[in-house]
Structure formats: C-alpha cells, structure tokens
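Read through the structure below, which is laid out as structure tokens, and then see the notes.
The values are calculated or read from the model by the stated rules, or taken from the named source; none is laboratory data. Values in this document were obtained by computation on a predicted structure and should not be read as measured data. Methodologically, a virtual Cβ is constructed for each residue, glycine included, from the backbone with ideal geometry; neighbour enumeration extends over all protein chains shown. Just so you know, the surface numbers come from the protein's heavy atoms only, side chains and all, with ligands and any DNA or RNA stripped out. Shrake-Rupley method; radii C 1.70, N 1.55, O 1.52, S 1.80 Å.
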Amino acid sequence: MSLRMNDAQFSSETSQGVLLTSSGYAALQAELEHLTLVKRPEIADRIRESQQHGEFSEDNSELDEVKFEQAMVETRIADLKGIFGSAVVLEQANIPIDHVGIGSLVTVTDLEVGEEFSIRVVSSVEADPNLDLVSNESPMGTALLGHLVGESVTFDTPDGTKKYKVKAITR
C-alpha cells in the first residue's frame, strides 16, 4: 500500500475547496479586515475630499489614481471573499509527515551547494517566498509533492536546474 497522495490530492484546489493552513487562513482574514475596515474607508474619504474641493476635472490625475486604487482594493476584497467561500482549513493532524504534502514543513539540502533550509508547501493563494511559503504549483512545490525523506527531486527554475534531497518532513 502506498502512503503517497494521488494526483487529485496534490492540487490545493479540491472538490471541497481551496486548502489553506490555519496561519494562511488567519493572514488572509487579517488582510481582508484591513482592506474593508481601513483601506476602503480611507479611499472613500479621499474621494469625498476631492468632491468637496471641486477637484473633479477631467485632468485630475490624483483622482484617477485614487479611483484606480479603489478598483484594486475592491478586486482584492472580492478575490479574498471568493477564497473564503471555498476555503478548507487544514487541521494540523491532517498535514502529512510521511510524505511531502500541502502544509508540510520540509527540510531539504541543495545538492549542488550543500546548503540546508526549510520551506512550507502551501496553496498558491498563501504562497510567499519571502516567508519560505512555497506554492504547491511552483516548480519546487510540484517537484517535492509526494516525496519521502531521503528522496531527491530535480526541477527547472529560471536560474537553471536544481536538485534537492528531502531531509525531514514535519508539521
């Protein structure tokens, strides 16, 4: 019996929804709160100020910038609401440690330079390379999914081909 996930389980978008870690869910929730409770009213105030000062001329670039920012914020709010509408938060106990899966904290060794580091494989909506949160849809995430401790993976990046060895898998 294989303990590895099947191809359907490799995707962060299941028939049940988008898989999120609890910390990823909390971060996206905080972003939504900030956008709706801080940014949206801030933008509305800036538009009202422009209206009160009669700054509604066709060449008002500041107003255009505010309206563009408003459109960006409203789009992101709609995106986040869509994510939450289908989000499934991974329970800690369901994060695999016998193989690499979504939510797994993976320690790897770069076989070219010998450097060891850890990343967490997450869905694309919570990925942030600056925080070592690697998307399961990225070349590295795709290559690691399903692999066991001791196995090596090879994948292509813009910097060339990389080869890593899985050293540990934890939650």
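Given the structure, is Glu74 acidic (Asp, Glu), in contact with a helix residue (DSSP H, G or I) (Cβ under 7 Å, 6 or more places away or on another chain) and not in a strand (DSSP E or B)? For Glu74, the condition - acidic (Asp, Glu), in contact with a helix residue (DSSP H, G or I) (Cβ under 7 Å, 6 or more places away or on another chain) and not in a strand (DSSP E or B) - is not met. Taken over region 100-117, the criterion of being under 17 Å from Glu137 (Cα atoms), part of a loop (DSSP other than H, G, I, E, B) and not polar (S, T, N, Q) is satisfied by Val100, Gly101, Ile102, Gly103. If you go through region 139-171 and keep only what is assigned to a loop (DSSP other than H, G, I, E, B) and open to solvent by 30 Å² or more (accessible area, probe 1.4 Å), you end up with His147, Leu148, Val149, Gly150, Glu151, Pro158, Asp159, Arg171. With respect to (1) of a type in the set (A, V, I, L, M, F, W, C); (2) under 30 Å from Glu33 (Cα atoms); (3) modelled with pLDDT under 95; (4) surrounded by 13 or more Cβ atoms within 10 Å (Cβ to Cβ), the lone exception for Ile97 is condition (2).
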